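One structure below.
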Amino acid sequence: MQDSFLHKGKRKILVTYLREKAGIADEHVLKAMNEVPRHLFIESIFEDYAYEDRAFPIAARQTISHPSTVAEQTQLLELSAGEKVLEIGTGSGYQTAVLVAMNALVYTIERQKDLYDFSTEKLKELHLRPKFQVFGDGFAGLPTFAPFDKILVTCGAEMLPVQLLHQLKIGGMMVIPLGKTDEQILTRFTKKSDKEFEKEEFGAYKFVPMLGSTSK
């Protein structure tokens, strides 16, 4: 698949929808989503619908999130260029690509080998490579590279993975869906001190569950 004028036109329509209907106001997020070819991260049978606000199945019984969800999560990070971001759940690589397009230094973890292999190749092909990409357990984070300015968890956690909070800088933020498997609350934690965190909630969503260990 190529990134044609038709695809680019559909992306512009999607960005207008995100701005006017989905409440996305961060122009840096919208610019990145206008640049990243979402249709290249999904199976070709869904290509015609790639720029609708829909989720699609990908490998390993996972999904690529709705564009509005990707935009909302990214906007909540309040990301600045050059910030160091830990992403838990590379998935297809689409969210990763959006972060890289925003000039973030992205460190990303994926526990499903099929998705790790696919996303590694796709991000390389599109020249949207993260700073560091690894096949591993997201619950553990990447303490070797900590602290991070921002952490984004792209899967739903029933319980808060406290070890990830410890990998944030003071003043840093973590965005994570929290709750049972049928519904999670998109939550943002801001690290005020080593022992103090501000918690904010931003509505109900449904994400694939956050799993430990790795799966080949």
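The values are calculated or read from the model by the stated rules, or taken from the named source; none is laboratory data. This one's a predicted model, so the numbers in the text were calculated from it and none came from an experiment. All Cβ positions, glycine included, derive from the backbone under ideal geometry; neighbour counts span all protein chains shown.
For the range 182-197, enumerate the residues that are assigned to a loop (DSSP other than H, G, I, E, B) and either more than 19 Å from ALA146 (Cα to Cα) or small (Gly, Ala, Ser) (or both).
Hits for the range 182-197 are ASP182, GLU183, SER193.
Among the residues of the range 137-168 satisfying the criterion of being over 18 Å from the mean Cα position of the chain (by Cα) and assigned to a helix (DSSP H, G or I), which is surrounded by the fewest Cβ atoms within 10 Å (Cβ to Cβ)?
Only one residue tops the list, namely VAL162.
Right, LYS180: surrounded by fewer than 21 Cβ atoms within 10 Å (Cβ to Cβ) and under 25 Å from VAL36 (Cα atoms) or not?
So LYS180 fails the test.
Answer with yes or no whether GLU121 is part of a helix (DSSP H, G or I) and free of Cβ contacts under 8 Å to residues at least 12 places away in the same chain.
When the stated conditions are applied, GLU121 passes them.
If you take the residues of the range 190-212 that are of a type in the set (A, V, I, L, M) and touching a strand residue (DSSP E or B) at 6+ places or on another chain (Cβ under 7 Å), which of them is modelled with the highest pLDDT?
That would be ALA204.
I'd like to check something: does the range 23-32 contain any residue that is in contact with a Cys (Cβ under 8 Å, 6 or more places away or on another chain), at pLDDT 95 or above and surrounded by 24 or more Cβ atoms within 10 Å (Cβ to Cβ)?
No.
Identify the residue in the range 105-128 that is surrounded by fewer than 17 Cβ atoms within 10 Å (Cβ to Cβ) and of a type in the set (Lys, Arg) and, among all such residues, is farthest from ALA204 (Cα to Cα).
This residue is LYS124.
Mind listing whichever residues of the range 1-22 are of a type in the set (S, T, N, Q) and exposed (fewer than 11 other Cβ atoms within 10 Å of the Cβ)?
Across the range 1-22, the qualifying residue is only GLN2.
Can you name every residue in the range 70-84 that is within 16 Å of CYS155 (Cα to Cα) and either among the aromatic types (Phe, Trp, Tyr) or touching a Leu at 6+ places or on another chain (Cβ under 8 Å) (or both)?
Passing the criteria: ALA71, GLU72, GLN73, THR74, LEU76, LEU77.
If we only count helices (runs of 4 or more DSSP H) wholly inside the range 1-96, which ones have 3 or more residues that are more than 24 Å from LYS131 (Cβ to Cβ) and without any contact (Cβ under 8 Å) to a residue 12 or more places away in the chain?
In the range 1-96, the matching helices (runs of 4 or more DSSP H) lie at 5-20.
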